[in-house]
Each structure stands twice: as structure tokens, then as C-alpha cells.
1. Would you confirm whether or not segment 285-302 contains a residue that is among the aromatic types (F, W, Y) and over 14 Å from E185 (Cα atoms)?
2. Does segment 173-189 contain any residue that is part of a helix (DSSP H, G or I), touching a residue at least 12 places away in the same chain (Cβ under 8 Å) and touching a strand residue (DSSP E or B) at 6+ places or on another chain (Cβ under 9 Å)?
3. Can you find a residue that is out of contact with any strand residue (DSSP E or B) (no Cβ under 6 Å at 6 or more places or on another chain), crowded, with 17+ Cβ neighbours inside 10 Å, not in a loop (DSSP other than H, G, I, E, B) and not aromatic (F, W, Y) anywhere in segment 284-305?
4. Which one of these does K392 not meet: (1) charged (D, E, K, R); (2) in contact with a His (Cβ under 9 Å, 6 or more places away or on another chain); (3) surrounded by fewer than 16 Cβ atoms within 10 Å (Cβ to Cβ)?
5. Go through segment 294-321 and report how many residues are closer than 25 Å to A113 by Cβ and touching a Ser or Thr at 6+ places or on another chain (Cβ under 8 Å).
6. Output the strands (runs of 3 or more DSSP E) that fall wholly within segment 17-136 and possess 1 or more residues being within 24 Å of V315 (Cβ to Cβ), or say none.
7. Would you check which residues across segment 190-206 are buried (at least 18 other Cβ atoms within 10 Å of the Cβ) and either out of contact with any helix residue (DSSP H, G or I) (no Cβ under 9 Å at 6 or more places or on another chain) or assigned to a helix (DSSP H, G or I) (or both) and list them?
8. Could you check segment 20-29 and list, in sequence order, the residues that are surrounded by fewer than 20 Cβ atoms within 10 Å (Cβ to Cβ) and either on the phi < 0 side of the Ramachandran plot or not assigned by TED's automatic domain parsing to the domain that holds A75 (or both)?
Amino acid sequence: MKLIPEIQSAQGEIQTLRRTIHAHPELRYEETHTADLVAQKLAEWGIEVHRGLGKTGVVGMLKRGNGPKSIGLRADMDALPIQELNTFEHRSRNDGKMHACGHDGHTAMLLGAAQYLAKHGQFDGTIVFIFQPAEEGGAGAKAMIKDGLFERFPVDAVFGIHNWPGMPAGFFGVTEGPIMASSNEFHINIKGVGSHAALPHNGRDPVFTAVQIANGLQGIITRNKKPLDTAVLSITQIHAGDAVNVVPNEAWIAGTVRTFTTETLDLIESRLRKIAESTAEAYDCSVEVTFLRNYPPTVNSGAETQFAAEVMREVVGEDRVDAKVEPTMGAEDFSFMLLEKPGCYAFLGNGDGGHRESGHGAGPCMLHNASYDFNDQLLPVGSSYWVHLATKFLAKK
């Protein structure tokens, strides 16, 4: 690995920041103390600080020379509503809140890069450090964009990283095109006519209708969608009734849809509505369908992905970079930034959990798990990547 010596020397300081953030997690749009810490450090290092984008977002701006180019580097700051099982010293002090996705590490890696670049950075242009709130279901990226992120801080490209448990620590994974799926949810409410369960002919059964709709929806994936177009439709909730001898008046179904393209999503939503409405009509029930498009797919642009992969190889070596990593059906709101600007989102291996200190929970070190902890050995890797990426992107001609 070609890690930057000054960043390696500062690992203890950045690790302390990471563990401080981990110990004091804040949920989406509540990241006031985290934002205060980020802003304080950026200002301390002489970086221009802007607050309040997306409510609790922080932007740092660092300019050198007269170069016209600019690059955006993004980290997310929010935690999850999870009760932490770990008991080591830097465990969460806030009940029911936990950094179970590594956003504490993402923030610390970007801070480590900002510290180095402010003190030693040699480049010609502008670096925009984007510390984003509310990635976990709050669309904080969209909120920052709505508040004028790219109008106030224009960038030529934007880049992001997410730690990835199960991938060897310090390895990178990236791919051109879709790397994460869109995230969408549906709710289908079926209204019938209740009756005694022994006399179902006196009513119109919404439970039976719900089951037929649930079965029919699976045909969208197997019979309507092209086999090569990846998509998932999962029914995760079916609710109805309160008594075993009563056919209820209503039932409802809910679930999630994941796709890599908007065209596939359009098809699924259209067919879902048609199947729900037609099936309900066939059994003399009425239906209300709600379909929410939460996060679009995360789609990496070609040139920026090739550039990022080249930098990754320089930092960690050819054998530690998978430039055609398998995409995931998970979702990420960095996708909103990639709708506005070209860029690249990548995975950085977090290892198998062996890095965790004594006192970790009994569960696996996986994302959104109460026994998770970010691997601090990644801090100089991620920070070095950010520095090399920015300086090479803004290199003097």
C-alpha cells in the first residue's frame, strides 16, 4: 500500500474523532453535535465552513491556485435507531441509537483527508468536502441539493465511499453503471365487506383477495420483466383481522421494490397497480395503491469510475481493487448527487469483524447489526484515497 505517511502518523487523532462520533450517535436530521465537531475541525484546519444545507449538513471548501476545476468528496454522518450490543469503551452513550453502518468511519476518513489537504495539499482548483445528514431514509443528499449545494459549491464530479463488511479490509470494489439499486415501497389497502367466517358468502373477503394479489405480483418479476433486467419485489407485510371467526372489512399488503433502472421500475409500478386493481375488482372489493419512490439507483459514470479505480490501484495495489464488483440491491441516497453530477461511488472492505475489540456483541459485524463496529485500520486507507483522488483530479496541467 502507498499510504501517506503524515496521514498514518495522524491515525490516532482521527481514530479518536471516529470513536467520539460513534459514542454519541445522532439520527437523521438530528446530527447537531456531529456537525459541530466536523465544523470545528474544518475551521481549526483553515478550511472555509458553511452550515445548514439539508438542515444539519456541513460543507468545507478548500481552494488552491487559480484552477477552474473542482471536486466534491462526500461522507454521511447519521446513525441508526438500533440499541447497540457492544460494551467496549466507545460504545453508544445514546440509548436506542447506534452507528451500525459505519458513517462515523466515513466522516472520520474525510476529516483525515481534509486535515492533510489543508496542511500539505498541492493542487490547483477547489475541493468541496460534503458532510451529509440523513442518509438512512431521510434523503439528506436530496435535501442538500435542494438547498443549493451544487449551485453554491459547483463541482465537476462528486465521489463517495461506503465501508463493506465481508470484503477483505483495505480492498476496494467499484463498477461502472449501477452499483446500488433504487429503493421503493408499496402499500395496497383492500376494502371488502366483513362477515361471519362461517358465512363468507354474505361478505366480500379482503383477506382472500389480498392473497390473490400477493401471488399475482410475483408474476411481474417472472413474466413481465425481461429476465436480464435485475429487480426484486418483496412482500414483507400482510395484515388483516382480529378474530378467527370473523372475515374482516379490510386487509393490506406492503413491501419493497428494488431495480437498477427507472424503466424497469416504471414497468413494475404500472403492472403492480393493474394487478391490484383488477384482482380486487374480480372479487368485488375495492383497492387503494400507494407506491413511493424513495431513492433512485446509484449509477456510476464511466470516466469517473475508471479514474477512481486507477487511483485505488495506486493506493492499495492492483490485486486489492475489484473494478467489476457485483452490484447490490441495497440503496444509497448518494444516487441523488449522481443524478446531478458525474461521479463514482465505491466500496471499501471492512473485513470479517476480527478487528473488533473485546466487549463486542455476539452478532456478526455486518451493516445495520447491533454488534457492528467500523474497522479503524481503514482510516488511513480511506483518507489516503481521498487525498490522491482530489490532488490527481486537480493536478496542475
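The values are calculated or read from the model by the stated rules, or taken from the named source; none is laboratory data. From a predicted model like this one, the values you see are computed outputs, not experimental measurements. Quick reminder, even Gly has a Cβ in these numbers, built from the backbone with ideal geometry, and neighbours come from all protein chains shown.
1. So far as segment 285-302 goes, no, none of its residues is among the aromatic types (F, W, Y) and over 14 Å from E185 (Cα atoms).
2. Scanning segment 173-189 turns up no residue that is part of a helix (DSSP H, G or I), touching a residue at least 12 places away in the same chain (Cβ under 8 Å) and touching a strand residue (DSSP E or B) at 6+ places or on another chain (Cβ under 9 Å).
3. no
4. The number of the failed condition is (2).
5. As a first pass, look at segment 294-321 and keep what is closer than 25 Å to A113 by Cβ: 298-321.
In the following step, the residues that additionally are touching a Ser or Thr at 6+ places or on another chain (Cβ under 8 Å) were identified as 298-300, 305, 315.
Selection size over segment 294-321: 5.
6. Counting at least 1 such residues, we get 57-64, 70-76, 125-132.
7. Those that are buried (at least 18 other Cβ atoms within 10 Å of the Cβ) and either out of contact with any helix residue (DSSP H, G or I) (no Cβ under 9 Å at 6 or more places or on another chain) or assigned to a helix (DSSP H, G or I) (or both): G203, R204, D205, P206.
8. We begin by selecting, within segment 20-29, every residue surrounded by fewer than 20 Cβ atoms within 10 Å (Cβ to Cβ); these are 20, 23-24, 27, 29.
Answer for segment 20-29, where residues must be surrounded by fewer than 20 Cβ atoms within 10 Å (Cβ to Cβ) and either on the phi < 0 side of the Ramachandran plot or not assigned by TED's automatic domain parsing to the domain that holds A75 (or both): T20, A23, H24, L27.
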